[in-house]
Amino acid sequence: MARKKYAEEPDNHERWLVSYADFMTLLFAFFVVMYAISSVNDGKYRVLSNALNGAFGAVVVPGGVIPDLKNSQTSLIDKFPVIKPRNAESLRKEREKMTTVAKDILTVLEPLVREGKVRVTQTSRGVSIEINASLLFAPGEAKLNADSIQALNAIAQVLKADNHSIQVEGFTDNVPIKNSTFPSNWELSAVRASRVARLFMENGVDENRMTAVGQGPKFPVGSNDVPEGRARNRRVTVTILAVLPETPVDVPVNGIKATLQ
């Protein structure tokens, strides 16, 4: 039987319309998205601004209007919100308060500072008064020396006139203590810090502002391999804590350069 011959179908010259339609659909979707992201919702912007303000202590200020996509000279960077610190003035005032406290402490302790028994520094954490333990206590003891009472009373008068929180920290060297009163350097440092804090409270410093901490041999400021370093590590540090920490500066106080860092 002879096979039937089928006529071949002619080529479809309009298939390009399918691709063209897909392209136009994608292009339309692209412009819809671009229009959507160029429209600012004022209500949502205010919510974002308030949230950033509460979380970071900053005010969000609009940098400009909606970018003009038709103008190629428009800088998108200039159109983004600019975050400006709201508390710059508060930081400045707090730094000035802490500098005044540092100057007052240096004034009442100037002789001891010159002898190297007391160091006064101002850091981003606050004003720190480092007192050598030899000025306060006998070796291995936590009873204040009579000679130290006058210096601590002078510090207390400055602290009483202030309202910042205060942290008193006791430190030792790394040589294990050898007496029946204190089983370790940790207990010795804690009791020494408490004794100094107690004296401040007896001189009118609000106890709710005070914290006493025993650090033992942690955080040495000198080498424990030499006697001079161990003597430096045996200390009590009184820190007036800043409310708003600032950046390091150096300030000369009454002819003495106090390191403010």
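We did not get these values from a lab; they are worked out from the coordinates using the rules stated. As the structure is a computational prediction, the values presented were derived from the model and not from experiment. Backbone-built Cβ (ideal geometry, glycine too); neighbour counts: all protein chains shown.
Some notes on this structure:
- In this label model, S165 and S134 are separated by 3.4 nm, measuring between points 7 Å along each Cα→Cβ vector.
- Local net charge near L159, Cβ-Cβ under 11 Å (Lys/Arg +1, Asp/Glu -1): -1
- Additional length obtainable on full extension of the chain from L91 to F219, 0.36 nm per residue less Cα span: 43.3 nm
- Our estimate of slack between F31 and S19, defined as 0.36 nm per intervening residue step minus the Cα-Cα distance, is 2.5 nm.
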